[in-house]
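Remarks on the structure that follows.
The values are calculated or read from the model by the stated rules, or taken from the named source; none is laboratory data. Just so it is clear, the structure is predicted and the values come from calculations on it, not from any experiment. A quick note on method: Cβ atoms are made from the backbone with ideal geometry, for glycine too, and the neighbour counts reach across all protein chains shown. What goes into the accessible areas is simple: the full protein's heavy atoms, side chains included, and nothing from ligands, DNA or RNA. Shrake-Rupley method; radii C 1.70, N 1.55, O 1.52, S 1.80 Å.
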Amino acid sequence: MGLMTQHEPLAAGFYTVNEAARLIEVGNRRRIAAWLKGYTGRDAGPLLMGEFASGGGTSELSFLDLIEVRFVEYLRARQVSARAIRRAIIAARRLFGEPKPFASRRILTTHDGRNVFVEEALRPAAQAERDHRLWDLITGQYEIVEIIERQIDRSLCFDPKTELANRWYPRRDAFPEVLIDPMIACGQPIVAGRVPTGTIRDLWRAEDGRTDIVASWFDIDIEDVTTAVAFEDYLDQPRDAG
């Protein structure tokens with residue numbers, strides 16, 4: 001059963017599994033759904049504690065769910081077993097008293113050059129599961145620290161009170177103007193601080209690519225229109241289903 005939020009769903013961001021997979025550039029949507037709902041016919045329950053209760057055969061994600069799925073994907077892409085990740089997240093929940101540890105500043109940043117998560121959550125999980133790939137990431141600690149800092153942490157902003165992620169620049173390297181804020185546009189990617197990139201591209205297509213008309217309609221710069229269209233086109237590129 002999902003962990004219900006204490007706030008309104010629309011203020012927490014709201015994503016279907018397909019939307020989440022598209023944003024984090026993962027083709028295997030079934031895997032994401034299984035992490036939130038568990039696998040049919042298996043004893044193990046969900047890997048992640050989703051903030052929204054799911055029903056009707058579908059799973060919805062909050063912004064924090066999205067960030068946690070993203071971190072799990074980085075580990076899975078490096079051949080870390082699901083069993084080891086499950087042990088690690090359970091240990092992290094206990095360690096920090098936080099149901100969403102994979103979205104926490106305390107895990108996604110380093111402290112005095114040593115990653116706390118590596119030492120106190122990943123290491124016991126790797127030992128218990130004899131996961132050699134995860135062990136390699138730990139013993140070559142510079143690698144996982146670099147992964148977290150370069151690929152994850154630098155694209156996130158955190159709430160100073162909760163220490164949980166509250167903003168994400170999904171492709172800060174190529175599209176630094178595109179932001180995801182769960183408090184704006186239900187957490188959809190935006191430019192100019194307020195306008196969803198998908199909405200911009202839809203109008204751009206309807207206007208036969210007239211960026212000037214679209215910019216005037218939303219009262220934004222032409223460069224914002226160009227960025228939004230390019231970002232949406234990038235997300236539409238085929239991905240490896242994994």
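Brief remarks follow.
- Share of carbon and sulfur in the accessible heavy-atom surface of the stretch 189-242 [1.4 Å probe, %]: 49 percent
- R154 paired with R105, simple spin-label distance in nm, labels 7 Å along Cα-to-beta-carbon: 1.9 nm
- Table column - 3J(HN,Hα) (Hz), the stretch 177-189, Karplus curve with 6.51, -1.76, 1.60, x for Gly and Pro: 8, 8, 10, 10, 10, x, 8, 10, 6, 6, x, 6, x
- Full-stretch length increase - W217, A174 - with 0.36 nm per residue and alpha-carbon distance subtracted: 12.9 nm
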